[in-house]
Amino acid sequence: MVDYTFELISAPLFGDVQILDTNDELVLECATITGENKIIYSPNSAGDDFLEIEYCTDAGSCEIIKLDFNNVAMSTDDCLCVEDCVYSGDVNNDGKVDVQDAVALGLSLGETGPSRDDLDGFVPQSGDSWVYTQDINGLDLGFADANGDGLVAASDLEEVDSYYGGVHNLLPQISYEIIESPIVLEPHQTEVDSGELLVIDILLGSETLPVFDVSGLSFSYTINGDLIDSSSVQLTFLENSWLSYGAPAFEYVNQPIGGRIEAGFSRVSAKGASGGGPIATLEFIVEDDIIGFKLEELLFKMNMSTSEGIIVSEEGRQFSLPRFDTSVDLNLASNTLHPDSYVSILPNPASDFVYITSDKFEIDRVEMYTIDGIKVLDNRYNNEFSLAVELDQLLPGTYILVVSSNDKVSREKLIKI
C-alpha cells in the first residue's frame, strides 16, 4: 500500500515529467514503464536541468525535493535501460554512490559473471543476471561489477571514485537496529596549536563492550572544514587491529568536502571479526591562519564527531552505530596577529546592541564568529567612524568580533548576554 505521494511543483526547462498513478503506464520505444508513484523525466536536450517535487506522506508531512540533472547526449542508437538498471559505482543499488558501495564491493571481491557493454557516464545500463547474489543485500552480483568487465575486483573502485555522490533514484533512508558501540575518537592531545599536526585514534568497541561478527564497516568523520588543511588529511586503518586480524583488508576513504571524511572497511573472503579497541588513525594539520584571525589567550573549541556508522555482519545483516562527539582546544595564543586594537567596543558584555567606534580609521566591514569558527554575522558599511550592531538574533555566549578598514583588521572577544 502506497503511503506517500509526489506532486510536480516546478517543471523542468528542457524536458517533460510524468508521475505514474496506480493504473498508469508509459510506453517507450524500448520498454513500457508501470508502477505507482514513479517519476519519469524525459529530457529533450543535453545540459543541466532541474525540477522540484513535493513529497507528502499520508500523515500530512510534506517536503519539497529539488532534483538536478546533467543530461548527456548519447552516441549510441541502442535502447537505454529503464528497469533494473546498473549504474556504475552504485554497488548496493540504493540510488546513490557513497562509501557503503565501497564496503559492498569489498565483500564481493573475486566474483565473476557475464560482462556487459559498459557505457561512459553515470547512465542506466543493461546487463545479464549473474544468478548469484551479494551477501550484504541480496542483489544480483552484476551490480558489484562497476566497470562491466565480468570480474568484481579492486579496479571497480575507480567507478565508485568517479561517480561518488551521484544520485539516480529517490529511495527512503533505511533504519537499522542500533548497536550501542559508537566509533570513538581519542585525540592524542587535548590542546593543539594552529599549524600543528593533530593525531586521533579511532576505536570501535572495547574489552568490556566488544563488537561481534564484523565483516564490513562504514562511517563518517566531521569537523569544521575551515579549521583544518584538507590536503593533509590521512585516515589509515591499522594492519594489526582486531578488525583486520586474519583477513585481507579492503579499505576506502573519501573526502567529499573539506571537513568531512567518509571511510569504509571490508574483510575480504573471511569470517566476521569480534573484539574492541583501536581500528584506525586520523591525522591532519590544523590551519595556520584560521578564518583570517588569531587572538591572544584564546582557545577555540574544535568540535568533531563520527556518525552514520554501519556494521555489516558475516551473514549480511546491517546495524547502525550511535553518533559520537568530542572536542580539542585550539590554542591561538602562539600566533597572534594585529594585537593592537584601533577600535572601541561598548558595552562588553552586551545584550541588544554593541557600539563600535574608531578615532583613526573608517570602518567598512564587521564580521562575527562563534568560538568554534562559524560565521554568524557579516555586515558591510560605507566607511563609518561609528556604528551600532544588533545582537538580538544571537544566542548568549562568547563571540569573536572582526572589524576591518581597508588593510587594517582588529579582533575582539565579545560576550553576548
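The values are calculated or read from the model by the stated rules, or taken from the named source; none is laboratory data. Keep in mind the model is a prediction, meaning the values are calculated, not measured. We place every Cβ from the backbone using ideal geometry, glycine too, and count neighbours over all the protein chains shown.
Kindly check whether there is at least one residue in segment 153-170 that is under 24 Å from PRO322 (Cα atoms) and modelled with pLDDT under 85.
No.
Scanning segment 210-230 for residues that are farther than 15 Å from ASN303 by Cβ and at pLDDT below 90, which turns out surrounded by the most Cβ atoms within 10 Å (Cβ to Cβ)?
If we filter segment 210-230 for residues that are farther than 15 Å from ASN303 by Cβ, which is where we start, we get 210-219, 229-230.
Retained after the next criterion (residues that are at pLDDT below 90): 229-230.
On the way: ASP229: 14, SER230: 16.
Once the filter is applied, the top-ranked residue is SER230.
Rundown of residues vs (1) assigned to a helix (DSSP H, G or I); (2) touching a residue at least 40 places away in the same chain (Cβ under 8 Å); (3) within 30 Å of PRO210 (Cα to Cα); (4) not assigned by TED's automatic domain parsing to the domain that holds TYR41, yes/no style:
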site: ASP135; (1), (2), (3), (4): no, yes, yes, yes
site: GLY138; (1), (2), (3), (4): no, yes, yes, yes
site: PHE143; (1), (2), (3), (4): yes, yes, no, yes
site: ALA146; (1), (2), (3), (4): no, yes, no, yes
site: ASP149; (1), (2), (3), (4): no, no, no, yes
site: SER155; (1), (2), (3), (4): yes, no, no, yes
site: GLU158; (1), (2), (3), (4): yes, no, no, yes
site: ASP161; (1), (2), (3), (4): yes, yes, no, yes
site: TYR164; (1), (2), (3), (4): no, yes, no, yes
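Enumerate the pairs (first residue in segment 402-417 and at positive phi; second residue anywhere and surrounded by 15 or more Cβ atoms within 10 Å (Cβ to Cβ) and in a strand (DSSP E or B)) with beta-carbon separation below 8 Å, excluding pairs fewer than 6 apart on the same chain, so at least 6 apart or on different chains.
The qualifying pairs are ASN406/ASP364.
Provide a single number: the residues in segment 274-303 that are aliphatic (A, V, I, L, M), at pLDDT below 95 and on the phi < 0 side of the Ramachandran plot. Reasoning before the result, please.
Here is the first cut: in segment 274-303, the ones aliphatic (A, V, I, L, M) are 279-280, 282, 285-286, 290-291, 295, 298-299, 302.
Then drop every residue that is not at pLDDT below 95, which leaves 285-286, 290-291, 295, 298-299, 302.
Those left that are additionally on the phi < 0 side of the Ramachandran plot: 285-286, 290, 295, 298-299, 302.
Qualifying residue count for the region: 7.
Of all strands (runs of 3 or more DSSP E) completely enclosed by segment 345-417, which ones contain at least 3 residues that are within 36 Å of the chain's Cα centre (by Cα) and not hydrophobic (A, V, I, L, M, F, W, C)?
Per the criteria, 363-370, 375-384, 397-405, 408-416.
Would you point out the residue of segment 41-85, among those that are within 12 Å of PRO12 (Cα to Cα) and of a type in the set (D, E, K, R), that is surrounded by the most Cβ atoms within 10 Å (Cβ to Cβ)?
Across segment 41-85, the extreme among qualifying residues is ASP49.
I'd like to know if segment 17-26 contains one or more residues that are surrounded by 12 or more Cβ atoms within 10 Å (Cβ to Cβ), touching a residue at least 60 places away in the same chain (Cβ under 8 Å), in a loop (DSSP other than H, G, I, E, B) and not hydrophobic (A, V, I, L, M, F, W, C).
no
Consider segment 98-151. How many of its residues are under 18 Å from TYR164 (Cα atoms) and not charged (D, E, K, R)?
Here the count works out to 18.
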